[in-house]
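Scroll down for the structure; my scribbles are underneath it.
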Amino acid sequence: MSRLTVSAPGKAFLIGEYAVLAGATALVTAVGRRAVAQVSDDPERPPTSPLTEAAYAHVRAHLSAGAGPEGHGLKDPLEILGPIACVDTGAFCAGARKLGLGSSAAACAAVVGYHLAEAGLDLADPEVRALALRLAQAAHAQVQGGGSGADVAAAVLGGTLAFSPGRAPVSVPHPAWLKVGFFDAGAPAVTSSFVKQVRAAGERDPSAYHRALELLHGASEVFRRGYAEGDCEAGLAALREAVLLHDEGLRALQQLSGAPIVTPAIAAIVELARGMGLAAKPSGAGGGDLVVVFAARQAELDLFAERLARERDLRSIGRLDVAAPGLRRDERPPVSSRVAGFFKLGVEGRRDAVAAATGIPRAQFAALDPGSLDLGSADHLIENVIGTLELPLAVATNFRINGRDVLVPMAVEEASVVAAASNAAKMIRAGGGFFAHSDPPWMIAQVQLTRGTAEQGALAATGAIQAARADLLALADSAHPRLVARGGGARDLVIRTLAPDMLVVDVVVDCQDAMGANLLNTIAEVLAPVLANLSGWTPGLRILSNLADRRCAHVACRVPPEALAGKGFSGEAAAAGIASASRFAELDPYRAATHNKGVMNGVDAVVLATGNDWRAMEAGAHAYAARSGAYRPLATWRLDEQGWLHGAISLPAAVGTVGGATKVHPAARLALEILGATSGAELGQVMAAVGLASNLAALRALATEGIQRGHMSLHARAVALGAGAHGTEVDLLVHQLVASGEIKHDNAVRLLEVLRQTRRESR
């Protein structure tokens, strides 16, 4: 039986911040980042806090007084309640700081929901939801104070709400035409501090304060009218008008209070959005954190994200669901990747541990037995099949990515790769784990055009193609209507002159959760004859590009020096050595090649385990490493002023969770289930994180004890097995090989024969 787990979503204000404190109606939506509450025996479990203690106390007091809503049949609920639930809000982080997504309200709601569910109440029951809202708001106000309560309402009820203090929240349907993006303004903001400053200013100058609030109230009314519009153009026009009024009101409050509500980063995001015909505003109190951007098409948001990253070095926090479900009991509890003594458990014990951690039925692990890929299935995967070649499939532990623990399946034949990645992930975990985001899942389909005897030159041919851009994108979409229905499709068309007699047309396509090779090749085939007619040039190659530089996973981490310490060396020395080794790779392509091999040791193992194309991954990674004209490292490490080690990697990640071997190979399907990745973007982030961990492990070994010594015992084990050792012979032979200092096949064969002879003589 799986342990009880309850989660609650974060929130984003669509409109109405500050004005809601004066009684105006705000629109607030639940977003797809969740706080997770459970009772855990993990030694690294989050500690209790005044907020979680208050949430528990309010549930307990209510149940003591009345045993819950009438008619729910609770029996002695106080005897059922165990210790205070731990709550994990790691999903609300960007690097080492919290985003302005209402993590405290979500945490409070999740703990209240946990203990109500523990007492036997059904969280899907409207009466129980109403009870949870009252208790969570009371607990949150007790500890935090000063807020409107809209964030708690969103966390409990979910969806999009029209919220006014003192009134029951009203559910509002999210318009089908409206797409919402969230962008990181790069600085933490303390809402309570801003609210206090604004209120104090209002007491000093009530008339100026009320004028600002009137602007914000007017913005809220216009926005709500646009939000309710069924017509896309009319609705978006109203939203543009609303955010202009909202900006005017915020700037008036800023001038009045002196609080830096509209920061330069916020202003830059808003300005760029307006220039592209989109509507944008800060979400929440301002001062940093988030900017919310409204568009009619996801493609517009993706183009905006690309420009923002390229021109302002500011990024999306990833695609977030809006109007997300509220408080709920989760079917699959979060995984703990910290499994004590995992390597000592043996194969069956490890399967048991993974099954217990993930909730996957133990019987499904038969997919990992030898021969699980039957010859019939293998014969459909490739040509001329005569059998199968098996690789060991392992699980790496200790990985924590964006606040979520993951057990990472890895398929690899090289000793030490899995152990090194797990060990490095433990070091990185000490600094908060990995923080990741992804570009939109854009890939490029290419059509080559050569002039031959064509009358039009390159300039005229380019002009003819550019004039038909909209029609060409529509034609590309028509090749894959199901992809368009899922939110993907053609996004851009770029024409490049490679030589006076050669053009290439790059069609940028959103592939969603597919790797995309087949659909890209189809699009190139469909467009080629039309491009030839437009230009008068001859079509040549029509195929995808494996340089997925628009589809990168970006991962960062920070490691405290004490986590890097080992036998005979300090953490500070290790950190300095790793940073120096990173600089070596940045300056020398010969070193960079081996540096990147260490990265791909980990990446390829995850790619193989999940049934993705490791050859495409390798080609794209190395091409990306040479994009500047010189071959450079994929992962880099720096020391900060406090001596902490900061690592970063950007990796083209053209991988998918649907199609290909991910559907056919039973082990690949199970690996994806163990990993729990729900999208190609999330899978790419895991691969990049494993690559960064693998690189850290290699550099630490090189910078301290040396790679050979650091991997000696694991290498010796592989040599022992290769020499024919079995059972208890393996450990004995490994010990002798390490002691001899000659970890070679010939030496292993000789020592094994001596070992066996000794055993025979002793009988």
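The values are calculated or read from the model by the stated rules, or taken from the named source; none is laboratory data. Predicted, not measured: the structure shown is a model, and the values here were computed from it. Using ideal geometry, Cβ is built from the backbone for each residue, glycine included, and neighbour counts are taken over all protein chains shown.
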Report task. May I ask you to list the residues in the range 158-174 that are free of Cβ contacts under 8 Å to residues at least 60 places away in the same chain and surrounded by 15 or more Cβ atoms within 10 Å (Cβ to Cβ)? Result -> 169
Report task. Please state which one of 408, 385 is more than 30 Å from residue 486 (Cα to Cα) and either modelled with pLDDT of 90 or more or out of contact with any Leu (no Cβ under 8 Å at 6 or more places or on another chain) (or both). Result -> 385
Query raised in the report: So which residues in the range 331-348 are at pLDDT 85 or above, among the small types (Gly, Ala, Ser) and loosely packed, with under 12 Cβ neighbours inside 10 Å?
Result: 341, 346
Requested in this report: Please work out which residue is nearest to residue 430 (Cα to Cα), limiting yourself to the range 106-147 and to residues that are in contact with a strand residue (DSSP E or B) (Cβ under 7 Å, 6 or more places away or on another chain) and crowded, with 21+ Cβ neighbours inside 10 Å.
Outcome: 107
Query raised in the report: Could we say that residue 491 is touching an Asp or Glu at 6+ places or on another chain (Cβ under 7 Å), assigned to a loop (DSSP other than H, G, I, E, B) and not assigned by TED's automatic domain parsing to the domain that holds residue 684 here?
Result: no
Query - Complete set of residues in the range 203-234 that are among the small types (Gly, Ala, Ser), surrounded by fewer than 21 Cβ atoms within 10 Å (Cβ to Cβ) and in a helix (DSSP H, G or I) - result: 207, 208, 218, 234
Query raised in the report: Which condition number in (1) assigned to a helix (DSSP H, G or I); (2) touching a residue at least 12 places away in the same chain (Cβ under 8 Å); (3) of a type outside the set (Phe, Trp, Tyr) is the one that residue 336 fails?
Result: (1)
Requested in this report: Considering only the range 554-575, state which residues are over 23 Å from residue 403 (Cβ atoms) and buried (at least 24 other Cβ atoms within 10 Å of the Cβ).
Outcome: 574, 575
Report task. Would you mind finding the one in 577, 566, 571 that is without any contact (Cβ under 8 Å) to a residue 40 or more places away in the chain and over 13 Å from residue 647 (Cβ atoms)? Result -> 571
Report summary line: In the range 448-466, anything part of a loop (DSSP other than H, G, I, E, B) and surrounded by fewer than 18 Cβ atoms within 10 Å (Cβ to Cβ) is listed as 452, 453, 454, 455, 456, 457
Requested in this report: Test residue 356 against the criterion of being among the small types (Gly, Ala, Ser), buried (at least 18 other Cβ atoms within 10 Å of the Cβ) and either more than 29 Å from residue 473 (Cβ to Cβ) or not assigned by TED's automatic domain parsing to the domain that holds residue 177 (or both), and give yes or no.
Outcome: no
Report task. Those residues that are surrounded by 24 or more Cβ atoms within 10 Å (Cβ to Cβ) and out of contact with any strand residue (DSSP E or B) (no Cβ under 9 Å at 6 or more places or on another chain), I need them from the range 390-419; list them, please. Result -> none
Requested in this report: Taking the options 507, 526, name whichever one is surrounded by 24 or more Cβ atoms within 10 Å (Cβ to Cβ) and either at pLDDT 95 or above or of a type in the set (D, E, K, R) (or both).
Outcome: 507
Query - Selected residue [hydroxyl-bearing (Ser, Thr, Tyr) and modelled with pLDDT of 90 or more] from 220, 192 - result: 220
Query raised in the report: So how many residues does the range 310-333 have that are part of a helix (DSSP H, G or I) and touching a residue at least 24 places away in the same chain (Cβ under 8 Å)?
Result: 2
**Report entry** Within the range 350-377, tally of residues that are touching a residue at least 60 places away in the same chain (Cβ under 8 Å) and either more than 23 Å from residue 388 (Cβ to Cβ) or not polar (S, T, N, Q) (or both)
**Finding:** 8
Query raised in the report: Any residue in the range 611-618 that is on the phi > 0 side of the Ramachandran plot, buried (at least 17 other Cβ atoms within 10 Å of the Cβ) and not assigned by TED's automatic domain parsing to the domain that holds residue 512?
Result: yes
Query - residue 243 being over 18 Å from residue 179 (Cβ atoms), in a helix (DSSP H, G or I) and assigned by TED's automatic domain parsing to the domain that holds residue 99 - result: no
Query raised in the report: What number of residues within the range 266-280 satisfy the criterion of being over 14 Å from residue 182 (Cβ atoms) and part of a strand (DSSP E or B)?
Result: 0
Report task. Please give the number of the condition residue 239 fails out of (1) at pLDDT 95 or above; (2) surrounded by fewer than 21 Cβ atoms within 10 Å (Cβ to Cβ). Result -> (2)
Report summary line: Residue set 558, 542; condition in a strand (DSSP E or B), in contact with a His (Cβ under 7 Å, 6 or more places away or on another chain) and touching a residue at least 12 places away in the same chain (Cβ under 8 Å); output residue 558
Query raised in the report: In the range 136-152, how many residues are assigned to a loop (DSSP other than H, G, I, E, B) and either touching a Gly at 6+ places or on another chain (Cβ under 8 Å) or closer than 20 Å to residue 325 by Cβ (or both)?
Result: 1
